[in-house]
């Protein structure tokens with residue numbers, strides 16, 4: 001694992017453990033969030049399998065960009081009613097993914113609480129959403145993109161310049 | 001092929017209306033089936049709604065009677081969070097002499113976003129689509145004898161649920177092909193998806209004379225027709241569309257072309273039985289087969305919701321580049 005990514009995961013795991021949440025249910029957001037959550041799940045140990053969310057159907061830019069043809073199934077191992085959820089994503093940027101994920105979670109029921117953990121907290125928020133657990137922070141301009149990749153099971157990230165939209 | 005139905009696509013080649021299966025690519029059909037697959041489990045959620053059509057208004061415009069198609073379209077649109085208006089033809093101003101286009105334009109002036117249209121005239125949905133502003137979407141829910149494309153999509157979806165590989169399948173469509181828009185759409189869809197063989201079975205009077213040009217073989221009896229068949233699609237005998245003595249008598253039709261435990265034995269042991277509904281029990285299919293364990297007739301109805309959600313979502317979505325990763 002890329003040394004920086006590996007430190008960030010350790011950080012994140014450390015914070016999740018010290019939060020001592022009662023019987024938490026871990027849920028990762030496709031695709032990068034599931035990779036991170038999967039490592040946390042193995043490192044920390046939870047009572048149930050990892051839950052996964054694909055928030056494609058809850059995105060707020062659907063009328064502009066349409067459907068993602070590679071939609072993956074959302075799968076929650078148990079009912080979420082009255083559970084303490086830890087939601088995991090790779091990069092927190094605008095906050096719109098998390099808003100969509102919260103909407104999807106509530107379509108399954110009413111959890112007791114939801115905490116947010118991210119591997120990378122970067123600049124550029126467009127909504128009032130902040131993480132409870134943070135692996136690392138990055139100060140990036142809007143034309144820069146932090147992207148997680150997985151190579152032979154090891155996580156790393158790159159910072160790419162994107163053309164302005 | 002695309003040039004035959006240009007109104008179905010926008011200038012970038014993206015699907016804008018869903019009027020006919022003819023001219024669609026295998027990728028388009030597969031894309032619709034894949035998304036429909038991810039909608040299947042939404043029916044089991046606590047809140048059966050996703051926001052893809054929030055703030056949009058869909059109008060069910062049925063100039064012919066329908067129960068399951070209209071209802072599943074309504075449920076599908078509501079699960080996508082759309083507002084739904086049902087317009088019943090018998091109570092509408094078409095009976096006061098207004099043309100179908102005037103009716104549609106009047107409703108569109110109320111800022112509606114999507115029309116689901118069924119009409120007895122072939123080409124009705126296409127006519128409507130070509131007279132509406134660019135942002136309005138039209139779905140054909142059956143036009144005369146021409147096509148019923150969403151029914152064909154839910155049928156191929158149901159087949160894919162049970163039999164994975166289309167290229168290995170031999171499929172028989174039995175009954176009144178001549179009057180059946182469902183059969184026409186099914187034949188196009190199955191050909192695009194590359195099935196091994198399509199056979200139609202029925203009395204010659206109920207088979208279009210040019211059927212072989214559609215890539216289909218014709219067999220006039222059940223014993224030969226069902227041999228080696230993986231999927232049997234029974235069609236409804238459409239008494240209301242019969243304008244002549246096309247079948248000898250209902251008893252004789254059932255004896256020769258009805259699907260019963262006995263005739264089902266001619267097909268493969270794991271052949272599945274489909275019917276678009278509504279069923280005429282004892283005319284084209286026996287109750288024991290329709291309700292038996294090889295029948296997927298009720299699965300077809302359930303799947304209709306997810307497939308129609310997928311088609312609506314495909315039409316409503318934009319195509320700009322996403323800022324999100």
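Every number here is computed from the coordinates shown, using simple stated rules; none is lab data. Since this is a predicted model, take the numbers as computed values, not measurements. In this analysis, Cβ positions are derived from the backbone assuming ideal geometry, glycine residues included, and neighbour counts consider all displayed protein chains.
Give the percent of DSSP beta bridges with both residues in the protein assembly as shown that are antiparallel, rounded to the nearest 5.
Details: 11 of 67 bridges.
DSSP beta bridges in the protein assembly as shown are roughly 15 percent antiparallel.
Going 7 Å from the Cα of residue B:252 along its beta-carbon direction, which residues of segment B:157-185 have the amide nitrogen within less than 18 Å of the resulting point?
Of the residues in segment B:157-185, B:175-176 have backbone N under 18 Å from the label point off residue B:252.
Taking Rh as the Kirkwood radius computed over C-alpha pairs, what is the Stokes-Einstein D of segment B:149-296 at 10 °C in a medium of viscosity 1.306 mPa s, expressed in µm² per second? Write down the numbers at each step before the final one.
Working: Rh = 15.1 Å.
Diffusion coefficient, whole number: 105 µm²/s.
Just to verify a number: FRET efficiency for residue B:99 and residue B:209, C-beta to C-beta distance, R0 = 25 Å, to 0.05? Numbers along the way, then the final one.
Details: r = 33 Å, r/R0 = 1.30.
Calculated transfer efficiency: 0.15.
Quick one: if the Förster radius is 56 Å, what FRET efficiency do residue B:9 and residue A:112 give, using the C-beta to C-beta distance and rounding to 0.05?
Values: r = 49 Å, r/R0 = 0.87.
Taking R0 as 56 Å, the efficiency between residue B:9 and residue A:112 is 0.70.
Could you list B:110, B:312, B:214 in order of exposure, starting from the residue whose Cβ has the fewest other Cβ atoms within 10 Å?
Details: B:110 9, B:312 26, B:214 16.
By the 10 Å Cβ count, ascending, the order reads B:110, B:214, B:312.
What is the angle, in °, between the Cα long axis of helix B:297-316 and the longest principal axis of the Cα atoms in chain B? Nearest 10 is fine, range 0 to 90.
It is inclined by approximately 30 degrees.
Once you place label points 7 Å from the Cα toward the Cβ at residue B:245 and residue A:158, how far apart are they in nm?
7.7
How far apart, in nanometres, would the label points at residue A:82 and residue A:31 be if each is projected 7 angstrom from Cα along the Cα-to-Cβ direction?
Reported label-point gap for residue A:82 and residue A:31 is 3.9 nm.
Among A:145-154, A:60-69, B:178-187, B:114-123, how do they line up from the highest to the lowest mean number of other beta-carbon atoms within 10 Å?
Numbers: A:145-154: 14.1, A:60-69: 17.2, B:178-187: 24.8, B:114-123: 21.1.
Taking the mean over residues of other Cβ atoms within 10 Å, the ranking is B:178-187, B:114-123, A:60-69, A:145-154.
Taking chain B as the reference, fit the longest principal axis to its C-alpha atoms, fit the long axis of helix B:68-79 to the helix C-alpha atoms, and give the angle between the two in degrees, 0 to 90, nearest 10.
Rounded to the nearest ten degrees, it is 40.
Just the Kirkwood number for the protein assembly as shown, please: inverse of mean 1/r across all distinct Cα pairs, in Å, one decimal. Can you show the working numbers first?
On the way: mean 1/r = 0.0400 Å⁻¹.
Hydrodynamic radius (Kirkwood, Cα pairs) of the protein assembly as shown is 25.0 Å.
Translational diffusion coefficient of chain B at 10 °C, 1.306 mPa s, Stokes-Einstein with Kirkwood Rh over Cα pairs, in µm²/s as a whole number. Present the calculation step by step, with values, prior to reporting the outcome.
Working: Rh = 20.4 Å.
The calculation lands on 78 µm²/s.
Kindly express, to the nearest 10 degrees and within the range 0 to 90, the angle between helix B:149-162's C-alpha long axis and the longest C-alpha principal axis of chain B.
Taking Cα atoms only, the helix is inclined about 60 degrees.
What relative contact order, as a whole-number percentage, does segment B:149-296 give when Cα pairs under 8 Å and 6 or more residues apart are counted?
Numbers: 261 pairs, mean separation 36.1, N = 148.
Contact order relative to length: 24 percent.
Across the residues of A:52-65, average count of Cβ atoms on other protein chains within 10 Å?
Working: counts 0, 0, 1, 1, 5, 10, 3, 5, 3, 6, 10, 9, 7, 8.
What the average comes to for A:52-65 is 5.
Mind checking the log10 I(q)/I(0) for segment B:119-199 at q = 0.16, 0.20, 0.22 Å⁻¹? Debye, one equal scatterer per Cα, no solvent, two decimals.
Reported log10 I(q)/I(0), two decimals: -0.66, -0.89, -0.99.
Run through the DSSP bridge list for segment B:40-150 and note the antiparallel percent, rounded to the nearest 5.
Working: 1 of 17 bridges.
Expressed as a percentage, antiparallel bridges in segment B:40-150 total about 5.
Given the -39500 (n - 2.57) contribution per DSSP H run of 4+ residues, what per-residue ellipticity at 222 nm results for the protein assembly as shown, rounded to the nearest 500 deg cm²/dmol?
Working: 15 runs with 153 residues, N = 490.
Dividing the helical sum by the residues of the protein assembly as shown leaves -9000 deg cm²/dmol.
Is there a simple number for the mean count of other chain Cβ atoms within 10 Å of the Cβ of residues in B:46-52, and what is it? Could you put the intermediate results ahead of the total?
On the way: counts 8, 6, 1, 2, 7, 9, 8.
Mean partner shielding for this stretch: 6.
Per-residue Cβ counts within 10 Å, from other chains only, averaged over B:303-313: what number is that? Let's see the in-between values first.
Details: counts 0, 0, 0, 0, 0, 0, 1, 1, 0, 0, 5.
Rounded to a whole number, the mean comes out at 1.
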